[in-house]
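What follows is a single structure, written as structure tokens, with notes after it.
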């Protein structure tokens, strides 16, 4: 609490600390484990949805997201893991702070079937960070790709020139949302294992 004493009287100002994930880092913590084949395929899949080239993350400034990909055109860092939340949120935050680039953490189920994907995303925003957690892949009828929240929150359109946040959802109701998530899962499954997909 800070007290100001202007000529007219005292003003009490309460400044709340911003939400951070850095307290989840334990001293001596290790970087993410080496990327598996499923991790690499999933990261490259996200790059293909954004119609962009991906390369090994040469930035890796904070040194916490080894084996991540850097999607060049929109300048987004992507990493996939089979670890559940809240693991590695602090490493993602440290990487976003160090690079000033959005960082996407794709979380998939362990094993060969990596189509059940949730996304944690942190975006640098005017000196602060904006967290979007527990998002799902969504595919529209025209083939447009989105990240949609599990509950309330903005949707994120995946575009070749970046991530576009909007308060307008790409679906009209729960049924439409579920259908779009199923289309995205089918498309991802076809990408990972080959075969038929909805376009």
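Quick one: of the DSSP bridges fully inside the stretch 78-196, what percent are antiparallel, nearest 5? Please list the in-between numbers first.
On the way: 24 of 28 bridges.
Roughly 85 percent of the DSSP beta bridges within the stretch 78-196 come out antiparallel.
Extension gain, residue 55 to residue 182, is 42.9 nm, computed as 0.36 nm per intervening residue step minus the present C-alpha separation.
A Cα-only calculation for the stretch 84-151 places Rg and Dmax at 13.2, 39 Å.
Compute the length gained on full extension between residue 144 and residue 166: take 0.36 nm times their separation in residues and subtract their Cα-Cα distance, giving the result in nm to one decimal. Could the numbers behind the result be given before it?
Details: separation 22, 0.36 × 22 = 7.92 nm, distance 1.43 nm.
Additional length available on full extension: 6.5 nm.
For residue 109 and residue 128, the difference between the fully extended length at 0.36 nm per residue and the C-alpha to C-alpha distance is 3.8 nm.
For residue 85 and residue 36, a Förster radius of 25 Å and the Cβ-Cβ distance give a FRET efficiency of 0.85, rounded to the nearest 0.05.
Every number here is computed from the coordinates shown, using simple stated rules; none is lab data. Bear in mind the structure is a predicted one, so any value in this text is a computation, not a measurement. No Cβ is skipped: glycine too gets one built from the backbone with ideal geometry, and neighbour counts run over all protein chains shown.
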